[in-house]
C-alpha cells in the first residue's frame with residue numbers, strides 16, 4: 001500500500017493497470033513472480049494485491065477515484081506521506097473512521113464470527129492476503145479433504161468396483177469411446193501384466209494398455225518392468241499403470257527412460273483426476289467471483 005501511495009504522490013491521475021506495471025518494475029519482480037497466478041488460476045497474484053491496495057487506501061480516504069478506472073491521492077494521503085511511515089498496514093489505517101466503518105461492515109456480514117479476512121485482522125503481516133487468496137486457500141483445503149476421503153473410499157472398495165472406477169474415469173477423460181466399448185475390453189483377467197485395453201480416441205486409432213492395482217504397498221520397479229515387458233509382447237508402446245498407493249523412485253525412473261510410453265497414476269493423482277472430471281463426486285455449491293471490467297468503464301466520466 002505504501003509504494004502505491006508514493007506512486008500517486010505527484011497528485012496526477014493514475015490508471016491502476018499502468019500503476020501495477022510500474023510497481024512490478026519498481027519491485028524488480030521476475031517474470032515468474034509477475035506471472036504467478038492465484039490458486040484459482042484466474043488472475044495474477046500481484047495484480048490482485050495491487051487492486052486491493054487501492055481499495056484499502058480509497059476506503060481510508062488516502063486515495064480518491066476521480067473517474068472510472070483511475071485513482072488520485074487526496075490531501076489526507078499527502079499528509080500520510082509527509083509523516084514518512086515505514087509501512088502502511090491495517091493498524092495504521094484503523095485511525096480513519098471511514099476505514100473502521102468499512103471493516104465493521106465486513107465483520108457484521110459474517111455475524112461477528114472470527115474472520116481470516118485481512119480487513120478484520122489487526123496484526124500486520126509481511127504480505128497481506130487478499131480475499132481472493134483466502135477464498136482460494138479455503139477451496140484448496142476443501143479439495144484436499146475431498147481427495148483424502150475419495151482415496152479412503154477407493155481403498156475400502158472391492159477390486160471389481162475399482163475396475164469399474166477406472167473405466168468411468170478413462171471414459172470421462174475422453175478415452176474409450178462409450179462406456180460400453182470401454183467395459184468390453186477393460187476389467188478382463190490380467191494377461192502377462194495387462195488388465196485390459198482401451199481406445200485412445202473415439203475412433204480407436206490407437207490402443208492404450210491398462211494395468212490397475214488396488215494396493216496399499218508401494219509399487220516398485222519389478223511391477224513396471226513386468227508391465228513394460230507385456231507391452232512389448234503385444235507390440236504396443238502406450239500404457240497406463242494406475243494404483244491406489246504410490247510408486248517407488250526406482251519405478252518412476254525406470255518408466256521415464258524406457259522406449260514404451262508408460263504413464264504412472266498413483267493414488268494422489270487418481271483422486272485428483274476423479275475430482276477434475278466429476279467421477280465419484282457431485283457439486284455441493286457453486287460460487288462466482290466477479291471483478292470490474294475496467295475496459296468497459298475506461299474513457300467514461302462519472
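The values are calculated or read from the model by the stated rules, or taken from the named source; none is laboratory data. No experiment lies behind these values; they were computed from the predicted model shown. Note that each Cβ is placed from the backbone with ideal geometry, even for glycine, and that neighbours are counted across all protein chains shown.
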Among the residues of region 11-32, the number that are part of a helix (DSSP H, G or I) and in contact (Cβ under 8 Å) with a residue 40 or more places away in the chain is 3
Of the conditions (1) exposed (fewer than 12 other Cβ atoms within 10 Å of the Cβ); (2) modelled with pLDDT under 80; (3) more than 30 Å from residue 217 (Cα to Cα), the single one that residue 119 does not satisfy is (1)
Among residues of region 248-261 being in contact with a helix residue (DSSP H, G or I) (Cβ under 7 Å, 6 or more places away or on another chain) and assigned to a helix (DSSP H, G or I), the residue farthest from residue 194 (Cα to Cα) is 250
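With respect to residue 236, determine if the residue is surrounded by 12 or more Cβ atoms within 10 Å (Cβ to Cβ), over 24 Å from the mean Cα position of the chain (by Cα), assigned to a loop (DSSP other than H, G, I, E, B) and outside the structural domain of residue 47 (by TED's automatic domain parsing).
Answer is yes for this residue.
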| task | Would you check if there is a residue in region 197-214 being closer than 24 Å to residue 249 by Cβ, surrounded by 14 or more Cβ atoms within 10 Å (Cβ to Cβ), in contact with a helix residue (DSSP H, G or I) (Cβ under 9 Å, 6 or more places away or on another chain) and modelled with pLDDT under 80? | result | no
Among 245, 217, 285, the single one that is surrounded by fewer than 19 Cβ atoms within 10 Å (Cβ to Cβ) and either in a helix (DSSP H, G or I) or free of Cβ contacts under 8 Å to residues at least 12 places away in the same chain (or both) is 285
